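Below is one structure, written out as structure tokens; comments come after it.
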Amino acid sequence: MKLIATIIALLFSIPFINAQNFADYFTNKSLRVDYIFTGSASNQAISLDELSQLPSWAGRKQHLAQLPLEGNGQITMRDLKSKECIYKTSFSSLFQEWLSTEEAKTTPKGFENTFILPYPLHSVEIEITLLDTHHNITASMTHIVDPSDILIKEKGLSHITPHKYIIKSGDEQECIDIAILAEGYSLSEMDLFYQDAETACESLFSHEPFKTMKGRFNVVAVASPSADSGVSAPKLKQWRNTAFQSHFDTFYSDRYLTTNRLKAIHDALAGIPYEHIIILANTDQYGGGGIYNAFTLTTAHHKMFRPVVVHEFGHSFGGLADEYFYDEDVMNDTYPLNVEPWEPNISTRINLSSKWEDMLKQKTSIPTPVSEKVKYPIGVYEGGGYSAKGIYRPAYDCRMRTNEYANFCPVCQRALQRIIEFYTE
Ligand SMILES: [Zn+2]
């Protein structure tokens, strides 16, 4: 009898272990945490910059203590008293990409990083951790946040940036909220920006699985004005005063358009419910970048705008890896060959079963020869993640490989579908 009672007690306790009730731990507001990641290739550290409160929470209310993906960094929020994990999220950062540059070997630098967390009811401990490509911790920092701290700045109650909804499928509580921001558009160019935001949206929702799952998204275009028109192109000696100070030639790579001014981006969004960020740059120069759970930034007036904005959003929203590579790339330390990368659409075959092995037709040759690409829309094709050897991709072509191909491959589609479900179910 005692045993039966124990089993019944255990059965009843299981849902409470897995599913925490949002309202038990959080209020319907957001805690914005600004950090500075500093250091060089040999030594990194994280410092807290600023805390602020935003008027609503647009993020998920389920899977609170689970990670969407592993990421290159993680944040864990624990109830201070019980030490129970009450929220988790993951991200990647420009700082971590910069660590592999020549400059990082000699010169320590600092990078802004901002995260939006649910606003806790009681004091919490927040742990933030950076991981290297071997999944080892390279920097970690823990701090306590008392939600009644008078120095937590209230933002987003006034001076809200003008904005328009392009898609409004439902309440911010139920839907995934994408904000599209303007970079390098002067006040008089905002009609052009709204048109460009519509184009980005049209392109995104012409791709599966976004097309079928459109009803789970809200998209808002946010008219953040710049003093100058256009964006900075250092190689052309063109510097512009823009809302987010973005520029081409990031790490001296022509097409890499990024910004380190994360606080300015989030300031422009204060008071508007948002979870995922797309920034459109008012230029016809080719380029862009997408960083997982940070932002997509892309040029709006190049002829490849439509595919590129979706490709970059594949990185920033879905944590997808680049499936492209160059034939001459054989030695590349972006993805070490003795570790399975966390990105869902590439594999070193160290642990293919954690990836798309279940989607392969019986008798698929591994590696799959390119000559069989028609027979095997899903295979294990060698080349991906910037390396021609040792890294494998799931399909011959994909939105994550070329601008010419029209779709995400089936494996990327499934990965995106899973993440949409994670945020909305
Ligand atoms: Zn793919």
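Could you give me the residue pairs with C-beta distances under 6 Å whose first residue belongs to the stretch 203-217 and is in a loop (DSSP other than H, G, I, E, B), whose second residue is charged (D, E, K, R) wherever it lies, and which are 6+ apart or on separate chains? Listed pairs, sorted by first residue: F205/K211; F205/K214. When residues in the stretch 126-139 are screened for being free of Cβ contacts under 8 Å to residues at least 40 places away in the same chain and in a strand (DSSP E or B), 1 of them pass. Flag: T142 does not match the condition of being among the β-branched types (V, I, T), more than 30 Å from T424 (Cβ to Cβ), outside any helix (DSSP H, G or I) and at pLDDT below 95. Tell me, which residue of the stretch 303-333 that is under 20 Å from C398 (Cα atoms) and more than 16 Å from the ligand (Cβ to nearest atom) is modelled with the lowest pLDDT? Within the stretch 303-333, the match that is modelled with the lowest pLDDT is D329.
From the list E404, E421, the lone residue that is within 15 Å of the ligand (Cβ to nearest atom) and surrounded by fewer than 22 Cβ atoms within 10 Å (Cβ to Cβ) is E404. Test S353 against the stated conditions and say whether it is at pLDDT 95 or above and surrounded by fewer than 17 Cβ atoms within 10 Å (Cβ to Cβ). For S353, the condition - at pLDDT 95 or above and surrounded by fewer than 17 Cβ atoms within 10 Å (Cβ to Cβ) - is met. Can you name the residue in the stretch 371-394 that is within 13 Å of the ligand (Cβ to nearest atom) and more than 25 Å from N293 (Cα to Cα) and is also surrounded by the fewest Cβ atoms within 10 Å (Cβ to Cβ) among such residues? Restricting to residues being within 13 Å of the ligand (Cβ to nearest atom) and more than 25 Å from N293 (Cα to Cα), the top hit is P377. Within the stretch 337-351, identify whether any single residue is hydrophobic (A, V, I, L, M, F, W, C), free of Cβ contacts under 8 Å to residues at least 24 places away in the same chain and outside any helix (DSSP H, G or I), and answer yes or no. Yes: the stretch 337-351 contains one or more residues that are hydrophobic (A, V, I, L, M, F, W, C), free of Cβ contacts under 8 Å to residues at least 24 places away in the same chain and outside any helix (DSSP H, G or I).
Restricted to helices (runs of 4 or more DSSP H) entirely inside the stretch 21-125, those with at least 1 residues that are more than 30 Å from T424 (Cα to Cα) and at pLDDT 95 or above are 94-98, 103-106.
On inspection, F295 passes the criterion of being in contact with a Ser or Thr (Cβ under 7 Å, 6 or more places away or on another chain) and either within 23 Å of L69 (Cα to Cα) or at pLDDT 95 or above (or both).
Mind listing just one residue for me: the one in the stretch 67-81 that is more than 12 Å from Y25 (Cα to Cα) and in contact (Cβ under 8 Å) with a residue 60 or more places away in the chain and, of those, surrounded by the fewest Cβ atoms within 10 Å (Cβ to Cβ)? The residue in question is E70.
The values are calculated or read from the model by the stated rules, or taken from the named source; none is laboratory data. What you are looking at is a predicted structure, and each value in this text was computed from that prediction instead of being measured. Positions of Cβ are backbone-derived with ideal geometry, glycine not excepted, and every protein chain shown enters the neighbour counts.
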